[in-house]
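Readers should treat all values here as calculations from the given coordinates under stated rules, not as data from a laboratory. All figures in this text were calculated on a predicted structure; none of them were measured in a lab. In this analysis, Cβ positions are derived from the backbone assuming ideal geometry, glycine residues included, and neighbour counts consider all displayed protein chains.
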Amino acid sequence: AWKKHSIHGFTTKEQFENETVRHIETTLARSLFNCDELAAYSGAALAFRDRLVIEWNKTQQRQTFADQKRVYYLSLEFLMGRALDNAMLNVGLKDVARDGLKELGFRIEDVISQEHDAALGNGGLGRLAACFLDSMATLNYPAWGYGLRYRYGIFKQEIVDGYQVEIPDYWLDFNPWEFPRHDITVDIQFYGYVRKEINEDGKTVAIWEGGEIVDAVAFDVPIPGYGTSTTNNLRLWSSKASKGEFDFQKFNSGDYEASVGDQQRAETISAVLYPNDNLDRGKELRLKQQYFWCAASLYDIVRRFKKSKKPFSQFPEKVAIQLNDTHPTLAIVELQRILVDIEGLEWSEAWSIVQATFSYANHTVMPEALEKWSVPLMQNLLPRHLQIIYEVNMQFLQYVEKTFPKDRDMLSRVSIIEESNPKMVRMAYLATIGSHKVNGVAELHSDLIKTTIFKDFVTIYGPDKFTNVTNGITPRRWLHQANPKLSELIASKLGGYDFLTDLTKLNKLENFLDDEKFKKEWQAIKYDNKVRLARHIKETTGVTVNPKALFDIQVKRIHEYKRQQLNILGVIHRYLSIKAMNPEERKKLQPRVSIFGGKAAPGYWMAKTIIHLVCSVGEVVNNDKDVGDLLKVVYVEDYNVSKAEIIVPASDISEHISTAGTEASGTSNMKFVLNGGLIIGTCDGANIEITREISTDNIFLFGNLAEDVEDLRHAHTYGSFRLDADLARVFSAIKSNMFGDASRFSALCNSITDHGDYYLVSDDFNSYIKTHELVDEAYKDQTAWLEKCITSVARMGFFSSDRCIQEYADMIWNIEPLDPESS
Ligand code: 26Q
């Protein structure tokens, strides 16, 4: 009887219009007479949402019946960006929607841009999680994401008088893409104490009692695959005061204010995303967030497994859990607690299950980003978990001592507990010990972690536990959605859009390098994309930039290791050179626009100083009549996913210039090359593999190598530090107040001249400047430049996140896809 009620999604323009109008009039209770773009967005989003929900339900049902292994991707960040455009493209109905909206009196671009970005992440790590969700759904893997439903995502950045100002990002006003599941609520315990008890079998069991309870409420977000009906689930947890705690205890005893206070304290847990990127700050609330989300997710995963009535020994055959960095490491401890304390398994059996279930991806080698939690903090918040960590550590150290009796320092080096004051729990070690595989995110990075932070662990476990999976990006969002014209041109040459699901097919583009019409069209698309960005820059900064100039772009989180300071110091050098030239010399110059964008962590003063220097230089350069179009410097505010979709397709050259050995992978480098831009970069992260794929002829590499960094730093400290001569001139200019009061920049200058130049700005300066001269030279030959761009795009197939997910699935998770057509 249920069959005849089954619902089908729209497929025609008329049906789409009907559905959109119906939602505007009924769901939103708005009249069509005052239907603005926001209402049109809302109606269209709800119409598409209906389509997704139908496939989503079917997918979940299919996955339950199939009873295959599933993967759960635990990440504190999912930097999703906008959903409507993506949904339209993935279900293949964007053209239908465009025509329908046009008939209703709207331009599809204006409607799409009404949507607020879902910005539940800081940068690379969060965006990687979003690309992975897209690929897992597209490849039909039974996969769930688990995260936190922050009320405030990453802050909105405004630039006011050349300084960053942070505005809270309240994004949940109207979010049609989430479904509250109030029936799926998990009690999460904090604080309290542990009591030992002898049970009926005479076994000692630990009982965690007291403390407080906070509720975790599930909110589900559908994740459609491209060109498949598979629609996976992203489950985000929101915190709420527990009924038992809030409603009865204090409220009934008449203490209304205190009960509301408790309520707010509970809701604080999921209130805000920590805005640090690659920096660990040991705040208790952050640890609370981590445990809250891990415990809710684990409860959910175990409950789903238990429905199958299988013994726990089969848990790793049905469940793979991927840890996105160490942020979810407590999930390891929580599963051990569930298995031993609640399900009554023997310690060692439980631990084998845990290790077989988890895998951990590392995203950094930098010491300041490695997570550590103080033992007293953990003792107070999670007393039972600390006991389990100590037990895991003791057994591990006993094994190490037995196996390597000669290396007496090894025990203190590899101990999960750092013997400092206060003692600290080293999360990366715990994650490594509790997982069966550990991976880095690019080849150089995976090699580096094996010789640095995990050196001893390679000795202990052997090299096979450590592996590499080079990052990737989804070509659906980062080519098809961000650059529809280029995608269309490529499809016209390759005979369809198959390259979007098999990116290696792009290599056929090399057959068209002599096709003049094709090359002209390619160039015209790049120009149009630059015009679009120029318009955005004009509207948001007031600066007029010439789209015929070379667009030189660096957009990413602001961090000293990413070296935006190198870039802006190089720009000053260029400015000084222009000023020193006569009009004849200036005529020969290649006009440039230097474009910066990215957020600084609110407490990171050096990063904020870098932003201020960029803005101050822009103020002077952009208003200097001697310079005109030869150089413009702009700061694009509030860089995020949807801004990236405008910025990335418009670049001629982009900068990926981290100190060698510091950027684990980088993923925007891949986005820029895939969109027909060249890159200038150091031998770091995925730049190295990009070079291998596209060949050294098509990339501008410069700077010292990772293997030399240590010696150079040593020389800075113990030898004599020599400041590069050009860089010295740049500092003199700054000190002359050329860009305003120089004292505002002294910390930045001094970090290089007086404090050891940790990021090797001076060591790499000359080679950086010289390489930019090569860029100018190369850009003069537009034909050769264009061919480099096309050749590079043709060779980018490797960097699809589909390839990357395939590697995780085969080598780490051991899972199979579930074809939606087969059942
Ligand atoms: C940790 C503890 C407390 C508060 C915050 C944090 C925290 C938050 C975010 C630590 C690190 C991050 C983010 C790291 C990140 O984005 N790493 C990037 O990951 C990308 C995907 O693998 C790589 O491409 C980049 O190279 C890497 O920097």
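Among DSSP beta bridges whose residues both lie in the chain, state the antiparallel percentage, nearest 5.
45 percent
Note down the Stokes-Einstein diffusion coefficient of the stretch 664-757 in µm²/s, whole number, using a Kirkwood radius over alpha carbon pairs, 4 °C, and 1.567 mPa s.
In µm²/s, the coefficient is 81.
Along its principal axes, what span do the Cα atoms of the stretch 526-793 show, with the longest given first and each in whole Å?
The Cα atoms of the stretch 526-793 stretch 51, 43, 41 Å along their principal axes.
Excluding residues fewer than 8 places away in the same chain, name every one of the aspartates and glutamates whose C-alpha is closer than 16 Å to that of K13.
D50, D95, D99, E103
Lys/Arg Cβ at +1, Asp/Glu Cβ at -1, dipole of the chain taken about the Cα centre: which of W351, Q263, W177 is farthest positive-ward?
W177
Sort 354-363, 174-183, 469-478 by packing, meaning the average of other beta carbons within 10 Å per residue, with the highest value first.
469-478, 354-363, 174-183
Could you list the square roots of 5 times each eigenvalue of the Cα gyration tensor of the stretch 442-554, that is, the equivalent ellipsoid semi-axes, sorted largest first and rounded to whole Å?
39, 23, 12
Using the Cα centre of the stretch 662-770 as the reference point, and only Cβ charges (+1 on K/R, -1 on D/E), how large is the resulting charge dipole? Debye, rounded to the nearest 20.
Roughly 440 debye, rounded to the nearest 20.
Dimensions of the stretch 583-716 along principal axes (Cα, Å, largest first)?
45, 39, 38
When you take every Cα atom in the chain, what is the radius of gyration, and what is Dmax, the widest Cα pair distance, in Å?
Spelled out, the Cα radius of gyration and Dmax of the chain are 27.6, 95 Å.
If the cut-off is a Cα-Cα distance under 15 Å, which aspartates and glutamates reach K455, setting aside same-chain residues fewer than 8 apart in sequence?
D407, D409, D447, D464
Arrange the peptides 710-723, 646-659 so that the one whose residues have, on average, the most other Cβ atoms within 10 Å appears first.
646-659, 710-723
If you take the charge dipole of the stretch 526-793 about its Cα centre, with +1 on Lys and Arg Cβ and -1 on Asp and Glu Cβ, which of V620, S577, N750 is farthest toward its positive end?
Farthest towards the positive end: V620.
What's the local net charge at K94, with K and R +1, D and E -1, over the other residues with C-beta under 14 Å away?
It works out to a net charge of +4.
Show me, for the stretch 188-194, the HN-Hα J-couplings you get by feeding each phi into the Karplus relation (A = 6.51, B = -1.76, C = 1.60, θ = phi - 60°), rounded to Hz, glycine and proline as x.
Couplings: 10, 9, 10, 6, x, 8, 10 Hz.
Can you find, among L479, C683, I321, the residue sitting farthest towards the positive end of the charge dipole of the chain, where Lys and Arg contribute +1 and Asp and Glu -1 at Cβ?
L479
For the pairs K508/K530; K632/K788; K58/K508; K309/K402; K310/K450; K402/K465, note any where the Cα-Cα span goes beyond 32 Å.
Over 32 Å apart, Cα to Cα: K58/K508; K309/K402; K310/K450.
Nothing charged except the Cβ atoms of Lys and Arg (+1) and of Asp and Glu (-1): what's the magnitude of the dipole of the chain about its Cα centre? Round to the nearest 20 debye.
For this selection, approximately 620 debye.
Which of the lysines could be linked to K156 by a straight reach, that is with a Cα gap under 16 Å, when you skip same-chain ones fewer than 8 residues away?
Cross-link targets: K556, K599, K608, K643.
Using Cα-Cα distances under 8 Å and only pairs 6 or more residues apart, what relative contact order does the stretch 526-793 have, in percent?
Computed over the stretch 526-793, the figure is 21 percent.
Output needed: percent of Cα pairs per 10 Å distance bin for the stretch 152-276, bins running from 0 to the one holding the longest distance.
11, 24, 27, 22, 12, 3, 1, 0
How big is the stretch 512-560 along each principal axis, measuring the range of its Cα positions in Å and listing the largest first?
41, 28, 13
Translational diffusion coefficient, Stokes-Einstein: compute it for the stretch 1-127 using the Kirkwood radius over C-alpha pairs as Rh, at 37 °C and 0.692 mPa s, and state it as an integer in µm² s⁻¹.
Estimated via Stokes-Einstein, D reaches 200 µm²/s.
Give me the net charge for the shell around I679: Cβ to Cβ below 12 angstrom, other residues only, Lys and Arg +1, Asp and Glu -1.
Neighbourhood net charge equals -2.
Order these peptides, 209-221, 277-289, by their mean beta-carbon neighbour count within 10 angstrom, highest first.
Highest-to-lowest ranking by the protection proxy: 209-221, 277-289.
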